[in-house]
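Structure record follows, encoded as structure tokens.
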Amino acid sequence: MTGSSLAIDIDKVRGARRELRSDVVAVEEPLEIQLCSATATGAAARSIAVTMRTPGDDIDLALGFLYTEQIIRGPADVVSTMLSGAPDPDSGLRNTIRVELDPALRIDTDRLTRHFYTTSSCGVCGKASIEALQVVIDRPDDDFRLTRDVLASMPARLRGAQQVFESTGGLHAAAAFDTRGEVVVVREDVGRHNAVDKVVGALLAAHRLPAGDLGLIVSGRASFELTQKALAAGMPLLAAVSAPSSLAVRLARDYGMTLVGFLRQDNFNIYSGANRLSI
């Protein structure tokens, strides 16, 4: 195991022929996110999320999750982050990350009572209702502009930046990019929502949020939650290589975000915010 991928032996069948081959698969392991805040009586940790993720960039994942869920509003809210707990006996990975918050930060405990639980395939699973996801977010920057050529080039640029996908074929990716098409940060994960959280966390650590000057491209489809996370990060454009959901379209239109789907070379659909694209 290299952390993100695992070499295994498989039986490869091609027609009537069967061969023993070596293969590489993407690693999927749980990550528990805990919050704690130092007080006069100590610093008790509270578990708020368990997500199935591809190990790597775990701090980015935790910070991005906390930011897009409106639990933290900037790097100053975080005192420290650390992987904790005993290593998993099988993988050797530490699968708990503890985030210490500024004691002055006021946490909405009512929101934390709806225990977050996500899986690698669905970011909305376990959340009480769609209404619970409606956080207070600002409308994205109207000055962001992107040319057709730059937008059309992004799927190839995203694929070229996917290192683990090339060996496993089993990971989603998300990338933040500027108006010239330069990839600012790219992250991979078995879960689409995790990949986006990792991108947002990296931007947070780099003091680049809100990201009104950056677009976001994701492999796969554009779900409600991915749209909400991009909006929470202040991104004015979300592009997906596959279809958006009805709720993603509705949310993008409600907030004036540019939403592009089925982005494949020169072909794409604009579902919202066509004014930001020079066609």
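Please treat every number below as a calculation from the coordinates, not as lab data. Remember, it's a predicted structure, so these values are computed and weren't measured experimentally. Neighbour counts run over all protein chains shown; Cβ positions are idealised from the backbone, glycine included.
When the charge dipole of the range 162-243 is built from unit charges on Cβ atoms (+1 for Lys and Arg, -1 for Asp and Glu) and taken about the Cα centre, the candidate among Leu204, Pro236, Ile217 whose Cα reaches farthest toward its positive end is Pro236. In order along the range 183-197, phi translates into HN-Hα couplings of 6, 7, 8, 10, 9, 10, 6, 5, x, 4, 5, 5, 4, 5, 4 Hz, rounded to whole numbers, per the Karplus curve 6.51 cos²θ - 1.76 cosθ + 1.60 with θ = phi - 60° and x for Gly and Pro. Of the trypsin sites (Lys or Arg not before Pro) found in the range 163-256, those in coil by DSSP whose Cβ has at most 14 other Cβ atoms within 10 Å are Arg180.
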